[in-house]
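The values are calculated or read from the model by the stated rules, or taken from the named source; none is laboratory data. Computed from a predicted structure; not experimentally measured. FYI the Cβ positions are ideal-geometry reconstructions off the backbone, even for glycines, and counts take in every protein chain you see.
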């Protein structure tokens, strides 16, 4: 009888811990992102200066627990040809999965479009946090998405 109680306690503890971990990863730390009025989304010019671009329908999320949790969806009102002539593109852009409830941001579709050349990635801001860049992907129809990612070439295998 004691073995059943101990086993039941272990199973119950594991279920509660698993539920708590899931909740914290999916919902716990996220909050609406704050943006600076008039400079909600910036891109880096070819000369290296951050410059705001006009956007509409902006929604974003962020968390203080990690600089990599930032995601944003919006519509860029400047056409893609003008953006590519004026701003730095970003090689090796890899959108990171966001929480399932933030439905406007689909990392798999964005990444696939970037690989196929159906969207263009731009450097929004280098060093938003140490070794972390803000990246913006823009589609020809103006749909655009932003996220933070580890700068390509940074070794993250050391665990530091």
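Condition test on residue 49, is it closer than 30 Å to residue 23 by Cβ and surrounded by fewer than 16 Cβ atoms within 10 Å (Cβ to Cβ)? Step through it out loud before you land on a result.
Numbers: closer than 30 Å to residue 23 by Cβ: no; surrounded by fewer than 16 Cβ atoms within 10 Å (Cβ to Cβ): yes.
Here the answer is no, as residue 49 does not meet what is asked.
Among the residues of the range 104-160, write down those that are at pLDDT 95 or above, more than 14 Å from the chain's Cα centre (by Cα) and part of a loop (DSSP other than H, G, I, E, B).
Across the range 104-160, the qualifying residues are 117, 118, 119, 139, 140, 141, 142.
I want to confirm something. Restricting to the range 47-63 and keeping residues that are part of a loop (DSSP other than H, G, I, E, B) and touching a strand residue (DSSP E or B) at 6+ places or on another chain (Cβ under 8 Å), which single residue is nearest to residue 121 (Cα to Cα)?
Step one: filter the range 47-63 for residues part of a loop (DSSP other than H, G, I, E, B), giving 47-49, 54, 63.
Those left that are additionally touching a strand residue (DSSP E or B) at 6+ places or on another chain (Cβ under 8 Å): 54, 63.
Details: 54: 17, 63: 23 Å.
Here the residue is 54.
Regarding residue 98, is this residue surrounded by 16 or more Cβ atoms within 10 Å (Cβ to Cβ), modelled with pLDDT under 95 and either in a strand (DSSP E or B) or in contact with a strand residue (DSSP E or B) (Cβ under 6 Å, 6 or more places away or on another chain) (or both)?
Working: surrounded by 16 or more Cβ atoms within 10 Å (Cβ to Cβ): yes; modelled with pLDDT under 95: yes; either in a strand (DSSP E or B) or in contact with a strand residue (DSSP E or B) (Cβ under 6 Å, 6 or more places away or on another chain) (or both): yes.
Against the criterion (surrounded by 16 or more Cβ atoms within 10 Å (Cβ to Cβ), modelled with pLDDT under 95 and either in a strand (DSSP E or B) or in contact with a strand residue (DSSP E or B) (Cβ under 6 Å, 6 or more places away or on another chain) (or both)), residue 98 qualifies.
Please go through (1) loosely packed, with under 11 Cβ neighbours inside 10 Å; (2) farther than 15 Å from residue 122 by Cα; (3) touching a helix residue (DSSP H, G or I) at 6+ places or on another chain (Cβ under 8 Å) for residue 14 and return the number of the only condition it doesn't satisfy.
(3)
Just checking, which of 109, 116 is surrounded by 11 or more Cβ atoms within 10 Å (Cβ to Cβ) and free of Cβ contacts under 8 Å to residues at least 12 places away in the same chain?
Details: 116 fails: surrounded by 11 or more Cβ atoms within 10 Å (Cβ to Cβ).
None of the other options fit; the residue is 109.
Only one of 78, 44 is surrounded by 15 or more Cβ atoms within 10 Å (Cβ to Cβ) and assigned to a loop (DSSP other than H, G, I, E, B); which? If you could, list the steps in order and put the result at the bottom.
Details: 44 fails: assigned to a loop (DSSP other than H, G, I, E, B).
The unique qualifying residue is 78.
Can you pull out the residues in the range 27-41 that are assigned to a loop (DSSP other than H, G, I, E, B) and touching a strand residue (DSSP E or B) at 6+ places or on another chain (Cβ under 6 Å)? Outline the logic, then answer.
Let us first name the residues in the range 27-41 that are assigned to a loop (DSSP other than H, G, I, E, B), namely 29-30, 33-40.
Those that are assigned to a loop (DSSP other than H, G, I, E, B) and touching a strand residue (DSSP E or B) at 6+ places or on another chain (Cβ under 6 Å): 30, 33, 39, 40.
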